[in-house]
Amino acid sequence: EQHPDDVALIWSMDDDRLDGRSPQDKWQAVQESVRGSMWFQTFRGRVKGAILAIAQGNAGRAVHLICIKGGPITNLEQQEMNTIANQVERQLEEIKVRTRITLEFVSYSTFAREFR
């Protein structure tokens, strides 16, 4: 269910409120809108929590995150993954859990072929 604060979000470059803007300006508006949403904050928190749980349960072992390439919102999520991974590594260091987090960005067809 959509959070009431997220009702007026600009989720798409096709949003009528962006008429007359350049593609670059439209994309900037979508990014700013989505990044400021409750949905995006929840997304970040849940991903961060999942990575922390996996890393703590596998202390000393590397954690490899696989991100599947997709559309504009997926691309925005992936832009945040390095920041999220770095934040998790810092949190783990604070509690003396050593791990290395790596990221890999793949197409769905590659994911389906390699990670069945």
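The values are calculated or read from the model by the stated rules, or taken from the named source; none is laboratory data. This one's a predicted model, so the numbers in the text were calculated from it and none came from an experiment. Cβ placement follows ideal geometry from the backbone for every residue including glycine, while neighbour counts extend to all protein chains displayed. The protein model used for the area step is the full one, side chains on, heavy atoms only, and it has no ligands, DNA or RNA in it. Shrake-Rupley method; radii C 1.70, N 1.55, O 1.52, S 1.80 Å.
Scan the stretch 54-73 for residues that are of a type in the set (Gly, Ala, Ser), closer than 16 Å to Ala85 by Cβ and open to solvent by 60 Å² or more (accessible area, probe 1.4 Å) and the total you get is 1. Does Trp39 count as surrounded by 11 or more Cβ atoms within 10 Å (Cβ to Cβ) and not in a loop (DSSP other than H, G, I, E, B)? So Trp39 passes the test.
Looking at the structure I just gave you, is Arg44 among the charged types (D, E, K, R), part of a loop (DSSP other than H, G, I, E, B) and at pLDDT 90 or above? So Arg44 fails the test. Out of all the residues in the stretch 81-103, which are among the acidic types (Asp, Glu) and surrounded by fewer than 16 Cβ atoms within 10 Å (Cβ to Cβ)? If the condition is that a residue be among the acidic types (Asp, Glu) and surrounded by fewer than 16 Cβ atoms within 10 Å (Cβ to Cβ), then Glu93, Glu94 are the ones that fit. Pairing residues of the stretch 21-36 that are loosely packed, with under 13 Cβ neighbours inside 10 Å with residues that are assigned to a helix (DSSP H, G or I), at Cβ distances under 8 Å and at least 6 apart in sequence or on separate chains, gives Asp25/Leu18.
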